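Let me begin by presenting the structure, written as structure tokens, before commenting on it.
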Amino acid sequence: MSQEKNHRYNIWRYILYFFISVLTIYGCQSSEKSTDRASSKTLPAEDDNFYQEISRYVGIDFIHSIGDGHLSNLVESVGGGAVFLDYDQDGYIDLYMSNGTHIKGFSDDHKPDGNLQNGLYRNLGNGTFTDVTKKAGVGDMGYGMGMTVGDFDNDGYPDIYISNYGPNVLYHNKGNGTFSDITVNAGVAGDECSVGAVWLDYDNDGFLDLYVGNYIDFDPEYGYFYAPDGFPGPMAYDGQPDILYRNRGDGTFEDVTESMGVFNPDGRAMGVGAADYDNDGFVDIFVSNDHMINYLYHNEGGKKFVDKGVMSGVAFNQIGEATISMSVDFADYNNDGLMDLFVSDDVYCSLYKNEGSGVFSEMSYNAGIAVACGQFVGWASSFIDYDNDGDVDIFKINGELKHWYGQEDQLFENIDGEKFLDVSVERGEYFEKEYVGRGACFGDYDNDGDIDVYIVTLNDYGAFLRNNKGNQNNWLLIQLIGQTSNRDGVGARVTVSAGDLVQTAQKKSTNGYLSQNDPRMHFGFSDNEMVDRIEVIWPSGKIQVLENIKAGQILTITEQ
């Protein structure tokens, strides 16, 4: 054999060996995934990690699916949310997750085994869960993106709205452990590509209304794209207008999108959040859009909305770009009484400091977040006080956009309301591993006073992180029950004082990306054992004050 032919032969032999090695490794990894969850539901002892990954022990065997053999389009890439809710009102938060499905003409020819449906897992109160999807009747088999939870009829039991690619679903909680599908009668199905959604009482009439963020007019036949991207991006398709549904109070809703001023035919909504950012008593709406400017709809006294995204400074990132915005969450990170805003994206993310008077300053670089985020694609993000020291930190979920490439998640610790420090690798072995993360929900699943986490992993098992050390500081969980206001107290403004520490928060429904956190409001108090004062400003306008409350408890406050 000539030298030239021998050289070519060796090159092809090395290429062949490379692909065989890759396939072998992939097969081993797939085998490990399938056998890793075969363990019994016996909780491990707490280890030295702040966050300990315990998925295989808590009884959650749910596998998210894109309904496809490979990641082949944008809709498959952006889905996957989870919510914590107490569906049976037993005092322990349960877990509900969305799922994709196989659609002819949309998915490829490889159809995954089994019935792909959403999953509901009941918290047994002993640190483990059990699958009650079939019993509860909530196994929606549409192409699930996310969901939002709210007691829309004020009967004391949380209802579930699911955003789908295709018709959405509203499950009414019957209060006996089961749900009924009332979507058609309620008038909230739609037939768009819905992604984020949020419950809010925009007119303060005591009933929760619904804002649904719609994404793209997806065409599965369209295939013009830059090859390394894998498939076309969002700007290859027309956008879809979002929808605002007003709750009539009789179990039905009316579409008030145009009359309330939130009709935008070219929107590409991803995350949707709601909070009263200017403390005028009416809840506003933020929409994070994909590859275009974000919207901040200011609520004009419950009569209409006006988009003030550009003039407020939250429409673009720090350098004036319209980014791939995903998650949105409101919180007062510097304890000045004003709701700030965090938006995760595919680059540096945006931390918007509320300056008052309807204006925000973008602080991600100054606060130390931008550089740390720059190498990741951020999806779900939430403000949480993971260590109960009295200020909210940021937990951020990462994962590649158009490929099954894992990325490490991040935990940013709040330093005196001025800086955020990436402490991820110091808080647990979990943060050293790479996952293709999407949605996530945060809450105290074992009622021990600190915030645990469930994370959706695209086309795989999710991750469940137990907080082992947060409750070394003092804490309080507050359950609001509205009477004149909506039953959930969504939109209520709560200020707590303990010594020199004063914190303000608002009751929200949706948090982060396609997900929703613990319905109880969580506050950390460091070493303060007593809460001097709690003030609740209800959506009805009523003001309620409690004093001298002992920390370390779950406190129910009913509107008087």
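Could you rank the peptides 270-280, 83-93 by their average count of other C-beta atoms within 10 Å per residue, with the highest value first?
Descending packing order for the listed peptides: 270-280, 83-93.
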Give me, ordered by chain and number, the residues 5 or more places off F525 or on other chains with an amide H under 5 Å from its own placed amide H. G390, N474, W475
What are the residues whose amide H is under 5 Å from the amide H of L208, where those residues sit 5 or more places off or on another chain and H is modelled from the backbone? none
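As a test of the formula, what do you get for the chain when each DSSP H run with n ≥ 4 contributes -39,500 (n - 2.57) and the sum is divided by the residue count, at 222 nm and rounded to the nearest 500 deg cm²/dmol? Don't skip to the answer; put the middle values down first.
Numbers: 6 runs with 54 residues, N = 560.
Value at 222 nm, helices only, nearest 500: -2500 deg cm²/dmol.
Take every DSSP beta bridge with both residues inside the stretch 77-138 and express the antiparallel ones as a percent of the total, to the nearest 5. Working shown, then result.
Values: 10 of 10 bridges.
Roughly 100 percent of the beta bridges in the stretch 77-138 run antiparallel, per DSSP.
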Based on the Cβ-Cβ distance of D155 and Y226, what FRET efficiency does E = 1/(1 + (r/R0)^6) give at R0 = 45 Å, to the nearest 0.05? 0.30
Counting only protein heavy atoms and a 1.4 Å probe, tell me what percentage of the stretch 286-342's accessible area is made up of carbon and sulfur. 55 percent
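Can you give the accessible area per residue of the stretch 499-553, in Å², using a 1.4 Å probe?
Details: 2260 Å² over 55 residues.
That works out to 41 Å² for each residue.
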Could you state the angle between the C-alpha long axis of helix 3-35 and the longest principal axis of the C-alpha atoms of the chain, as a value from 0 to 90 degrees rounded to the nearest 10? 40 degrees
Can you pull the one-decimal nm distance between simple spin-label points at H110 and N548, each 7 Å off the Cα toward Cβ? 6.6 nm
Using θ = phi - 60° and Karplus 6.51 cos²θ - 1.76 cosθ + 1.60, couplings along the stretch 400-417 (whole Hz; Gly, Pro as x): 4, 7, 10, 9, 7, 10, x, 9, 6, 7, 9, 10, 9, 8, 6, 10, 6, x
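Quick one: of the DSSP bridges fully inside the chain, what percent are antiparallel, nearest 5? Could the numbers behind the result be given before it?
Numbers: 110 of 117 bridges.
Among the beta bridges of the chain, antiparallel pairing accounts for roughly 95 percent.
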Tell me which residues come under 5 Å, amide H to amide H, from G378 once H is placed; ignore anything under 5 positions away on its chain. D345, D346, V347
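In the P(r) worked out for the stretch 61-180, what percent of Cα pairs fall beyond 25 Å?
Across the stretch 61-180, Cα pairs with separations above 25 Å total 24 percent.
Considering just Cα atoms, how many Å³ per residue does the convex hull of the chain enclose?
Details: hull volume 88.7 nm³, N = 560.
Expressed per residue, the convex hull around the Cα atoms of the chain is 158 Å³.
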Once each part is reduced to its C-alpha centroid, what is the distance from the stretch 292-313 to the stretch 74-121 in angstrom? 32 Å
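What FRET efficiency do you get for M141 and E426 if R0 is 41 Å and r is their Cβ-Cβ distance, rounded to the nearest 0.05? Display every interim value, and only then the final one.
Details: r = 42 Å, r/R0 = 1.02.
Calculated transfer efficiency: 0.45.
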Phi to ³J(HN,Hα) by Karplus 6.51 cos²θ - 1.76 cosθ + 1.60 over the stretch 64-80, Hz, x for Gly, Pro: 5, 9, 8, x, 8, x, 8, 6, 10, 7, 5, 4, 4, 6, 9, x, x
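In this model, which of K41/K550; K111/K396; K308/K396; K353/K508; K396/K550 are farther than 22 Å apart at the alpha-carbon?
Details: K41/K550 34 Å; K111/K396 32 Å; K308/K396 26 Å; K353/K508 19 Å; K396/K550 32 Å.
Result: K41/K550; K111/K396; K308/K396; K396/K550 exceed 22 Å.
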HN-Hα couplings for the stretch 179-195 via Karplus (6.51, -1.76, 1.60; θ = phi - 60°), in whole Hz with x for Gly/Pro, come out as 10, 10, 7, 10, 3, 5, 5, 6, x, 10, 6, x, 8, 9, 9, 7, 10
Inter-site label distance for N366 and K174 at 7 Å from Cα along Cβ, in nm: 5.5 nm
Neighbours of P228 by Cβ distance under 13 Å: Lys/Arg at +1, Asp/Glu at -1, summed charge -1
Expressed in nanometres to one decimal, the distance between label points 7 Å along Cα→Cβ at W404 and A322 is 3.3 nm
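Of the accessible area of the stretch 116-220, with the probe set at 1.4 angstrom, what percent is carbon plus sulfur? Intermediate values should be presented prior to the final figure.
Details: 1430 of 3100 Å².
About 46 percent, which is the carbon plus sulfur part of the accessible surface.
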What length, rounded to one decimal in nm, is gained on full extension from T556 through to E418, with 0.36 nm per residue of separation minus their alpha-carbon distance? 46.5 nm
How big is the charge dipole of the chain about its Cα centre, in debye rounded to the nearest 20, if each Lys and Arg gets +1 on its Cβ and each Asp and Glu gets -1 on its Cβ? 1300 debye
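The values are calculated or read from the model by the stated rules, or taken from the named source; none is laboratory data. Fair warning: this is a prediction, and the values are worked out from it, not measured in the lab. Note that each Cβ is placed from the backbone with ideal geometry, even for glycine, and that neighbours are counted across all protein chains shown. All accessible areas refer to the heavy atoms of the entire protein, side chains included, with ligands and DNA or RNA removed. Shrake-Rupley method; radii C 1.70, N 1.55, O 1.52, S 1.80 Å.
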